[in-house]
Amino acid sequence: MYYYQRLRDLREDADKKQSEIAEILNIKQQQYARYEQGIYEIPLHHLVTLAKYYNVSLDYLAGLIDVPRKLR
């Protein structure tokens, strides 16, 4: 699974809108939408923020593993 698909899945599972996640990242909703569509690559510092927000490991968020691991 590509990381941008995982971004969308996590957001939808949390019942959040793109605008809410964009606010957490301090970016515009349109920019976040492009991350989810795979148009733009999301910067590492945003991935770290989202991993903390969703309480999942970076390897899960990046799509490297399929079973989420919680952060310690």
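The values are calculated or read from the model by the stated rules, or taken from the named source; none is laboratory data. All values reported here derive from a predicted model rather than from experimental measurement. Counting neighbours? That spans all protein chains shown, and the Cβs are built from the backbone with ideal geometry, glycine included. What goes into the accessible areas is simple: the full protein's heavy atoms, side chains included, and nothing from ligands, DNA or RNA. Shrake-Rupley method; radii C 1.70, N 1.55, O 1.52, S 1.80 Å.
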If we ask which residues in the range 47-72 are part of a helix (DSSP H, G or I), over 16 Å from Asp13 (Cα atoms) and of a type outside the set (S, T, N, Q), their number turns out to be 4
* With respect to Gln5, determine if the residue is out of contact with any Lys or Arg (no Cβ under 7 Å at 6 or more places or on another chain) and loosely packed, with under 12 Cβ neighbours inside 10 Å. => no
Taking the range 1-21 and keeping only residues that are under 14 Å from Gly63 (Cα atoms), in a helix (DSSP H, G or I) and not aliphatic (A, V, I, L, M), one is left with Tyr3, Tyr4, Gln5, Arg6, Arg8, Asp9
Going through the range 22-46 in order, the residues found to be open to solvent by 30 Å² or more (accessible area, probe 1.4 Å), of a type in the set (A, V, I, L, M) and part of a helix (DSSP H, G or I) are Ile24, Leu44
